[in-house]
Amino acid sequence: MSATLPPPLKVSTDDDAVDLLRLYYGRPYLDSRCYAGAYFDSWAPQDRAADTNRFTADDLVAITFLSVNVKARAARELLVTRAARFTDLLEAVGPDRDLVDEGEALTADTPIWLLEQELRSIHDIGRTKATKLMARKRPRLVPIYDVVIGRVLNTKMLHREPIRQLLRADSGALHTRLEVIRSKAGLPDEISALRVLDVISWMHGKLN
């Protein structure tokens with residue numbers, strides 16, 4: 001199944017996509033009018049740099065900006081009971097890198113898939129929460145899923161692999177365009193190309 005470009009990226013100009021990013025993140029960046037989700041990307045930067053291979057309390061705070069939360073029992077499994085297991089899985093995934101550079105299909109035996117399945121085996125963590133947690137650890141590699149994004153991108157059945165294919169088409173043209181749009185919107189490089197795609201898709205879906 002192929003992913004579908006959101007309408008703002010189907011047109012030749014970047015204006016609509018840039019406007020959606022500016023509305024979401026504020027203009028200037030993170031001003032008082034931005035959406036709460038804008039803080040997901042920048043929350044606790046020191047924590048993110050030091051703890052790339054373990055989930056932390058700050059990760060649980062960060063996903064609340066995206067309108068989800070993890071209940072106490074699930075938090076304990078993430079941070080204590082299964083912490084070592086998740087560290088092993090994150091180490092197996094490897095360092096953050098751009099999804100567009102993944103040359104092989106992300107099949108059911110790849111570390112990133114195994115990480116998602118382990119997260120989803122925790123009661124109270126489904127597909128949406130799992131991908132938001134994963135995106136905190138690997139923002140350039142893991143696209144966020146929710147029902148709005150899935151509807152806009154036509155990825156309700158499969159999400160990550162169709163997006164990888166979409167990004168790699170035409171020698172990575174979409175990935176390059178997303179970086180250009182990010183720059184036009186005045187956003188920092190810490191916001192990944194994937195997150196740009198997520199936000200444009202989500203904003204279009206919510207406003208239309």
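A few points about this structure:
- Short-range pairs are left out: with C-alpha atoms under 8 Å and at least six residues apart, the relative contact order of the stretch 1-89 is 20 percent.
- Backbone phi angles across the stretch 138-154, fed through the Karplus curve with coefficients 6.51, -1.76 and 1.60 (θ = phi - 60°), yield HN-Hα couplings of 9, x, 8, 9, 10, x, 6, 10, 8, 5, 5, 4, x, 5, 5, 8, 6 Hz in residue order; Gly and Pro are listed as x.
- When Ser2, Ser67 are compared by accessible area of protein heavy atoms, the largest-first order is Ser67, Ser2, using a 1.4 Å probe.
- Rolling a 1.4 angstrom probe over the protein heavy atoms with all chains in place gives the chain an accessible area of 47 Å² per residue.
- The C-alpha atoms of the chain occupy a region whose extents along the principal axes are 49, 40, 29 Å, arranged from largest to smallest.
- What the phi angles of the stretch 127-134 give under the Karplus curve with 6.51, -1.76 and 1.60, with θ = phi - 60°, is a coupling list of 4, 5, 5, 4, 5, 5, 5, 5 Hz, glycine and proline written as x.
- Between the stretch 150-194 and the stretch 79-113, the Cα center-to-center distance that results, in Å: 19
- Computed over the stretch 58-130: relative contact order in percent, which uses C-alpha pairs under 8 Å that are six or more apart: 35
- Residues with amide H under 5 Å from that of Thr4, placed H, sequence gap 5 or more: Asn154
- The simple spin-label model puts a point 7 Å past each Cα toward its Cβ; for Arg54 and Arg33 those points are separated by 4.2 nm.
- Overall form of the stretch 1-49 per C-alpha gyration tensor (a/c, 1.5; a/b vs b/c): oblate
- Using θ = phi - 60° and Karplus 6.51 cos²θ - 1.76 cosθ + 1.60, couplings along the stretch 191-196 (whole Hz; Gly, Pro as x): 7, 6, 4, 4, 5, 4
- The chain: relative contact order as a whole-number percent, Cα under 8 Å and 6+ apart: 29
- Dipole moment magnitude, nearest 20 debye, the stretch 1-57 about Cα centre, only Lys, Arg, Asp, Glu C-beta charged: 100
- Sorting the segments 83-94, 193-204, 53-64 by their residues' average number of neighbouring beta-carbon atoms within 10 angstrom, most packed first, yields 193-204, 53-64, 83-94.
- Sequence of Val180, Val142 from largest to smallest accessible area, 1.4 Å probe: Val180, Val142
- Coordinate range along principal axes, alpha carbons of the stretch 60-146, Å, largest first: 38, 26, 19
- Under a 5 Å amide H cut-off, with hydrogens placed 1.01 Å from N, Asp41 pairs with nothing among residues at least 5 apart or on other chains.
- Percent of C-alpha pairs per 5 Å bin, the stretch 121-208, short to long: 3, 14, 23, 26, 21, 9, 3, 1, 0
- Taking the charge dipole of the chain about its Cα centre, with +1 at Lys and Arg Cβ atoms and -1 at Asp and Glu Cβ atoms, the residue from Ala83, Ser121, Leu20 reaching farthest to the positive side is Ser121.
- The chain - percent of accessible surface contributed by carbon and sulfur, probe 1.4 Å: 52
The values are calculated or read from the model by the stated rules, or taken from the named source; none is laboratory data. Everything numeric in this text was worked out from a predicted model, so none of it was measured. Don't worry about glycine lacking a Cβ; one is built from the backbone with ideal geometry, like all the others, and counts go over all protein chains shown. SASA here: full protein model, heavy atoms, side chains in, ligands and nucleic acids out. Shrake-Rupley method; radii C 1.70, N 1.55, O 1.52, S 1.80 Å.
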